[in-house]
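The values are calculated or read from the model by the stated rules, or taken from the named source; none is laboratory data. This structure is a prediction, so every number in the text was calculated from the model and none was measured. Every residue, glycine among them, receives a Cβ derived from its backbone with ideal geometry; neighbour counts consider all protein chains shown. Surface accessibility is based on the protein's heavy atoms, side chains included, excluding ligands, DNA and RNA. Shrake-Rupley method; radii C 1.70, N 1.55, O 1.52, S 1.80 Å.
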Amino acid sequence: MTKLDTNGYTAEPLNPVYSTGKQFKTVVAEITTTATAKDVIVLARGLQPTAIIRGIRFPRGTAATSGLSDVDIGFYRNNGTVALDADALADGVSFATANANTYDVLGKNISNYDHTKTIADMLGVSNTAAPTGGYEVCLTQNTSAAATLYLELIYED
């Protein structure tokens with residue numbers, strides 16, 4: 001028998017998230033989308049460059065909304081007006097089909113998404129660089145229809 005450690009522990013043995021556990025923060029976002037394409041909805045604000053996004057979950061599932069077939073989630077600044085990387089966290093998520101189960105869209109449709117990268121790593125900036133007020137996580141409706149979505153954004157400080 002061989003004793004093996006998890007990949008996270010092997011890479012970062014001093015990070016408690018991979019051994020004893022760590023308390024994450026959750027931002028609850030119940031949103032109502034509109035029938036206007038290119039609308040941007042701020043889901044979370046004030047995140048620091050060292051934060052790691054750990055999940056974008058829809059714990060109640062979602063109803064089918066046929067026109068809401070291309071949604072991106074990424075980083076913005078200035079109250080959702082300046083996109084830094086609009087699809088860094090999820091790209092082209094479709095809500096056209098109902099999903100009755102809890103599911104997580106973090107990294108959806110992004111090849112080789114790395115769940116261990118900080119916001120600074122993902123944006124290619126210094127850990128000390130942050131816009132005034134921190135980073136925002138926003139949902140961009142590339143196609144749209146009116147719908148109500150309940151999601152929880154989980155992150156590690």
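Descriptive notes on the structure:
- Residues being among the hydroxyl-bearing types (Ser, Thr, Tyr), under 27 Å from Asn101 (Cβ atoms) and out of contact with any Phe, Trp or Tyr (no Cβ under 9 Å at 6 or more places or on another chain) - total across segment 11-65: 2
- The set of residues in segment 52-70 that are within 12 Å of the chain's Cα centre (by Cα), open to solvent by less than 50 Å² (accessible area, probe 1.4 Å) and within 22 Å of Ala147 (Cβ to Cβ) comprises Gly55, Ile56, Phe58.
- Test result for Pro13, part of a loop (DSSP other than H, G, I, E, B) and over 17 Å from Tyr135 (Cβ atoms): yes
- Criterion (under 16 Å from Ile73 (Cβ atoms) and assigned to a loop (DSSP other than H, G, I, E, B)) met by exactly one of Lys38, Lys22: Lys38
- Residues (over 14 Å from the mean Cα position of the chain (by Cα) and surrounded by 12 or more Cβ atoms within 10 Å (Cβ to Cβ)) located in segment 25-39: Ile31, Thr33, Thr34, Ala35, Ala37, Asp39
- Checklist (1) open to solvent by 40 Å² or more (accessible area, probe 1.4 Å); (2) touching a residue at least 24 places away in the same chain (Cβ under 8 Å); (3) touching a helix residue (DSSP H, G or I) at 6+ places or on another chain (Cβ under 9 Å) applied to Pro49, failing item: (1)
- Of residues in segment 9-20 being closer than 17 Å to Asp157 by Cβ and under 23 Å from the mean Cα position of the chain (by Cα), the one most open to solvent (accessible area, probe 1.4 Å): Glu12
- The listed residues are Ala11, Ala44, Ala35, Ala96, and the only one of them that is within 17 Å of Asn109 (Cα to Cα) and aliphatic (A, V, I, L, M) turns out to be Ala96.
- Checked against (1) at pLDDT 90 or above; (2) hydrophobic (A, V, I, L, M, F, W, C); (3) more than 17 Å from Ala86 (Cα to Cα), Ala35 meets all criteria but (1).
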